[in-house]
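K.L.:
Structure below; questions to follow.
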Amino acid sequence: MQSKDIWRYEQQSWSETPDLLAVEEPMEIRLGYGDASDRQQSSLAVTMRTPGHDLELTLGFLYAEGIISSPDQVLSIKHCSDKDVEAEARKNIVRAELAPEVKLDWEKLQRNFFTSSSCGICGKASIESVQMGSCPTLPLAKAWLSADTILACPQALHESQTSFRYTGGLHAAALFDKDGKLILLKEDIGRHNAMDKLIGAALYQGLFPLHDYICQLSGRLSFELVQKSLIAGIPVLLAIGAPSTLAVELSREFGQTLIGFVKKDRFNIYTGIERIIIHEQHPL
């Protein structure tokens with residue numbers, strides 16, 4: 001966070017006061033790849049993110065985008081140490097060394113990976129593009145999630161968003177267990193970066209597969225966020241905001257439970273109602 005002096009108008013009165021802002025800086029992801037005798041380096045993507053948890057962000061990004069299928073395929077992830085790069089710039093460059101067996105299709109990568117903090121990764125325009133063999137099969141849907149647990153997740157998320165309370169400018173992605181206990185929470189100025197950080201942290205902590213967890217998002221449900229959650233094997237995705245039509249179609253295609261507009265006392269189930277404990281006959 002950074003403090004900036006601002007002018008505030010409130011109750012018909014002007015005042016000059018300091019205000020805390022969420023930090024946004026570019027981060028470049030570089031890949032080291034190839035045979036041990038012929039290692040190469042190339043830039044993969046530049047994303048606008050909130051500094052912090054950069055290594056988790058990078059690992060989650062590589063996994064969620066199908067570049068790796070296991071954290072074991074990454075030999076190392078660290079910030080740039082090249083002496084020909086200015087010291088101030090090194091903190092915004094992360095290099096991931098991939099195992100020699102990881103094969104990269106650079107034509108496809110260059111076509112798909114144009115990132116920003118607001119829109120995520122562009123160029124994947126259809127559900128068919130997600131059906132690339134990297135989405136794990138979700139467990140068979142059976143009723144295990146209560147309405148009380150669903151309603152409790154947004155409040156727990158809000159209470160744990162320390163940076164958001166000061167800046168109001170960060171998205172969050174949180175991982176809960178089946179009982180609604182908060183396991184992980186990551187924040188970033190980009191909603192897609194927050195999800196990548198969450199996935200990366202779960203990989204680092206050995207929590208995969210994430211078949212027994214719930215993911216709660218602070219914003220809306222987009223196609224890209226559903227895609228990332230599916231690749232991570234998350235069976236239930238909650239959000240405070242609305243889903244897009246393509247997000248609903250994608251969740252339904254892969255058997256995921258998708259719930260939006262989760263408020264204090266209500267929510268909407270768009271797909272996968274089979275995982276929800278309902279004591280009365282539901283109309284769907």
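K.L.:
Where does the charge balance sit around residue 275 when Lys and Arg score +1, Asp and Glu -1, over other residues with C-beta under 11 Å from its C-beta? List each step's numbers first, then the result.
P.N.:
Numbers: positive: 142, 178; negative: 274.
So the environment of residue 275 carries a net charge of +1.
K.L.:
Oh, and also: In a shell of Cβ-Cβ distance under 12 Å around residue 210, excluding residue 210 itself, what net charge do Lys and Arg (+1) and Asp and Glu (-1) give? All intermediate terms of the calculation are to be shown ahead of the outcome.
P.N.:
On the way: positive: 178, 228; negative: 177, 212.
Taking every other residue near residue 210 into account, the sum is 0.
K.L.:
Quick one: net charge around residue 32, please, counting Lys, Arg +1 and Asp, Glu -1 for every other residue with C-beta under 12 Å from its C-beta. Intermediate values should be presented prior to the final figure.
P.N.:
Working: positive: 30, 39, 78, 95; negative: 35, 38, 82, 97.
With Lys, Arg at +1 and Asp, Glu at -1, the net is 0.
K.L.:
Quote the relative contact order of region 147-275 in percent (integer), defining contacts as alpha-carbon pairs under 8 Å separated by 6+ residues.
P.N.:
20 percent.
K.L.:
Same structure again: Could you list, bin by bin from short to long, the percent of Cα-Cα pairs of region 25-123 in 10 Å steps?
P.N.:
15, 51, 32, 3
K.L.:
Give me 234, 67 ranked fewest to most by other Cβ atoms within 10 Å of their Cβ, as a rough exposure proxy. Show your work: numbers first, answer last.
P.N.:
Working: 234 26, 67 22.
Least crowded to most crowded, the residues run 67, 234.
K.L.:
Quick check: the distance between the Cα centres of region 70-96 and region 178-251, to the nearest angstrom?
P.N.:
Each part reduced to its Cα centre gives a spacing of 26 Å.
The numbers here are math on the coordinates, done by the rules we state, and not lab data. Not measured: the values here are computed from a predicted model. Counting neighbours? That spans all protein chains shown, and the Cβs are built from the backbone with ideal geometry, glycine included.
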